[in-house]
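The values are calculated or read from the model by the stated rules, or taken from the named source; none is laboratory data. Computed from a predicted structure; not experimentally measured. FYI the Cβ positions are ideal-geometry reconstructions off the backbone, even for glycines, and counts take in every protein chain you see. Side chains included, ligands, DNA and RNA excluded: accessible areas come from the protein's heavy atoms. Shrake-Rupley method; radii C 1.70, N 1.55, O 1.52, S 1.80 Å.
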Amino acid sequence: MRESSSLSPQHGAADRSDTVLSAEHISKSFGGIAALVDVGFELRRGEVHALMGENGAGKSTLMKILSGVYTGYEGTVSVDGHPVNFAGVRDAEDAGIAIIHQELNLVPELSVADNIFLGREKLIAGLIVDRKASSRAAGALLQRLGIELDPQARVGTLRVGEQQLVEIAKALSMSARILIMDEPTSALSPAECQRLFRIIRQLAESGVAIVYISHRIDEVMHLASRVTVFRDGRHVLTEPMARLDEDAIISAMVGRNLLASSQEERHSGGNIVLSVENLSLSKPDAHGWRTVIDGVGFDLAAGEILGIGGLLGSGRTEILEAIFGSSDGRTGGEIQVDGRPVDIRSPRDARRLGIALVTEDRKTQGLHLQASIADNVALPLLGGQRADAEAGQR
Ligand SMILES: Nc1ncnc2c1ncn2[C@@H]1O[C@H](COP(=O)(O)OP(=O)(O)OP(=O)(O)O)[C@@H](O)[C@H]1O
Ligand SMILES: [Mg+2]
């Protein structure tokens with residue numbers, strides 16, 4: 001059946017004859033690791049087709065195949081029903097396929113305008129880059145998209161969200177009829193997202209076929225007319241959005257019913273490993289000591305996950321910091337580890353007792369962003385060695 005009106009992408013999904021891009025029996029491996037195993041995908045004119053799946057499911061890999069980034073793979077890609085063999089991104093662009101990559105692919109040293117038209121520069125007499133013309137064209141494009149950016153600004157000076165908008169403008173500048181968006185909103189503000197959604201809807205209404213990859217399930221439910229789910233490099237389902245709810249999508253992504261299985265797996269009743277009694281914390285402020293937590297107590301058993309609820313500012317983080325010895329205040333109460341009273345005065349004490357803390361703000365509290373992953377992972381161990389050496393000297 002065919003809908004005559006395509007005012008809303010929700011109802012604009014057309015029938016099979018409108019398939020503009022398809023992938024059949026696609027497999028791709030990196031080294032020995034299979035990223036895609038015999039997957040199929042089909043995209044129709046005027047639809048917003050969400051592609052979902054957990055990290056590493058193979059979403060980006062398929063999109064890179066469809067957009068000519070990867071040329072080595074098994075299976076068949078067809079445009080308008082005709083098999084194609086893209087030799088590179090340029091071939092895919094010529095076939096009307098544009099992609100907004102998950103990772104930014106801009107040249108920081110170049111201007112916004114130069115980035116948008118990179119490789120497709122406007123030329124004077126076929127020789128010299130016409131900077132004025134490209135700046136004008138970029139300006140007009142950005143304005144149409146409601147993006148307030150100076151076409152002459154160097155991309156390296158923009159914040160990540162703005163760079164993402166430049167990526168989007170670049171893809172749209174190609175007037176593609178097939179547009180692939182791989183996590184386009186990850187660094188956008190809510191207002192920028194709303195603007196992008198409006199553009200996506202307009203494009204779909206005008207007949208552009210859109211693949212939309214996002215981890216944000218609410219976005220997908222609002223935008224998409226169809227959903228495909230991949231898991232571990234395999235195709236799990238393709239369904240009209242109207243036939244799915246959030247739970248069904250999540251179950252397809254993770255491969256099991258989360259609620260049911262987590263209830264089964266919940267077990268407690270091991271030995272009490274951490275016991276907290278009458279824990280209190282006061283912090284100095286302008287008016288003297290302010291009580292932040294008071295009279296907190298709980299027992300935590302081996303194998304148990306203990307949830308701590310409460311509103312912002314109610315002291316959840318402070319409870320953990322007080323236990324871990326990292327709070328800047330006066331603590332009171334009694335803590336036992338494995339049934340023995342302990343005195344934790346610093347994170348180093350806590351670490352020696354086998355307690356680790358994943359902080360609320362990893363960037364400022366948990367990680368040294370300038371250091372390597374190896375150094376970051378090893379850091380608590382190094383501290384321990386020094387502490388142990390110091391203890392040995394005493
Ligand atoms: N260039 C590469 N070299 C080696 N392995 C890769 C490469 N690209 C992807 N992989 C692997 O292929 C698998 C699929 O990755 P892919 O990036 O397609 O997943 P994804 O669904 O896009 O995940 P995410 O949601 O994290 O973006 C993963 O196991 C990944 O580690
Ligand atoms: Mg990806």
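So which of 149, 142 is assigned to a helix (DSSP H, G or I) and open to solvent by less than 70 Å² (accessible area, probe 1.4 Å)?
Among 149, 142, only 142 is assigned to a helix (DSSP H, G or I) and open to solvent by less than 70 Å² (accessible area, probe 1.4 Å).
Residue 105 fails exactly one of the following numbered conditions: (1) open to solvent by 30 Å² or more (accessible area, probe 1.4 Å); (2) more than 30 Å from residue 24 (Cβ to Cβ); (3) within 28 Å of the chain's Cα centre (by Cα). What is the number of that condition?
Here residue 105 meets the rest and fails (2).
Within the stretch 150-176, which residues are among the aliphatic types (A, V, I, L, M), more than 24 Å from the chain's Cα centre (by Cα) and over 10 Å from residue 111 (Cβ atoms)?
The answer is 174, 176.
Give me a count of the residues in the stretch 156-197 that are at pLDDT 85 or above, in a loop (DSSP other than H, G, I, E, B) and of a type in the set (Lys, Arg).
1
Looking only at residues that are more than 17 Å from residue 214 (Cα to Cα) and crowded, with 22+ Cβ neighbours inside 10 Å in the stretch 47-76, which one is farthest from ligand 1 (Cβ to nearest atom)?
If we take residues in the stretch 47-76 being more than 17 Å from residue 214 (Cα to Cα) and crowded, with 22+ Cβ neighbours inside 10 Å, then 68 is farthest from ligand 1 (Cβ to nearest atom).
Within the stretch 315-339, restricting attention to residues that are outside any helix (DSSP H, G or I) and farther than 18 Å from residue 278 by Cβ, which residue is most open to solvent (accessible area, probe 1.4 Å)?
Here the answer is 328.
Which pairs turn up if I take residues in the stretch 56-67 that are in a loop (DSSP other than H, G, I, E, B) and look for partners that are open to solvent by 20 Å² or more (accessible area, probe 1.4 Å) and more than 8 Å from ligand 2 (Cβ to nearest atom) with beta carbon separation below 6 Å, at least 6 apart in sequence or on another chain?
These pairs meet every condition: 57/231; 67/99.
Here are some conditions: (1) more than 13 Å from ligand 2 (Cβ to nearest atom); (2) not in a loop (DSSP other than H, G, I, E, B); (3) not hydroxyl-bearing (Ser, Thr, Tyr). Residue 105 meets all but one. Which one does it not meet?
Result: residue 105 passes all but (2).
Being near ligand 1 (Cβ under 7 Å from one of its atoms) and either surrounded by 15 or more Cβ atoms within 10 Å (Cβ to Cβ) or not assigned by TED's automatic domain parsing to the domain that holds residue 181 (or both) is the filter here, so list the residues in the stretch 17-46 that pass it.
Residue satisfying the conditions is 35 alone.
Filter the stretch 28-48 for residues that are more than 16 Å from ligand 2 (Cβ to nearest atom) and within 30 Å of residue 205 (Cα to Cα) and give the result.
40, 42, 43, 44, 45, 46, 47, 48
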